[in-house]
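Below is one structure, written out as structure tokens, with a few remarks after it.
The values are calculated or read from the model by the stated rules, or taken from the named source; none is laboratory data. As the structure is a computational prediction, the values presented were derived from the model and not from experiment. With ligands, DNA and RNA removed, areas are computed over all heavy atoms of the protein, side chains included. Shrake-Rupley method; radii C 1.70, N 1.55, O 1.52, S 1.80 Å.
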Amino acid sequence: MAQLHEKFDYKYQAAAATNVVVKDSPGYLKAIIVGDAVTGSVIEVSDHASDGNGNVKIYLAGDTLGPAVYPVEAQFDTGISCDITNQTHVTFIYK
């Protein structure tokens, strides 16, 4: 019998931006993939349907955040939004 795998959606963000909406309703964030090394990066993920800095649940900052995969495994009750400062090539894995 074939093994069933849980299906996730992907949101790719090529450039730094504010108020990036990953999902505008309740959801689950499995991981964040950072695909490039960028100096002075900040990724701030909020439990909000449209505001990247409202009700912050995850805050990643550093001289270089990537390339790396950050497991999150967190429930968001309202939505998944983020502010991304300086960082490029970020992928959110969610459902």
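LEU65 meets each of the listed conditions (1) at pLDDT below 95; (2) open to solvent by 50 Å² or more (accessible area, probe 1.4 Å); (3) at negative phi apart from (2). Among (1) open to solvent by less than 50 Å² (accessible area, probe 1.4 Å); (2) of a type outside the set (A, V, I, L, M); (3) modelled with pLDDT of 95 or more, which single condition is ASP24 missing? Condition not satisfied by ASP24: (1).
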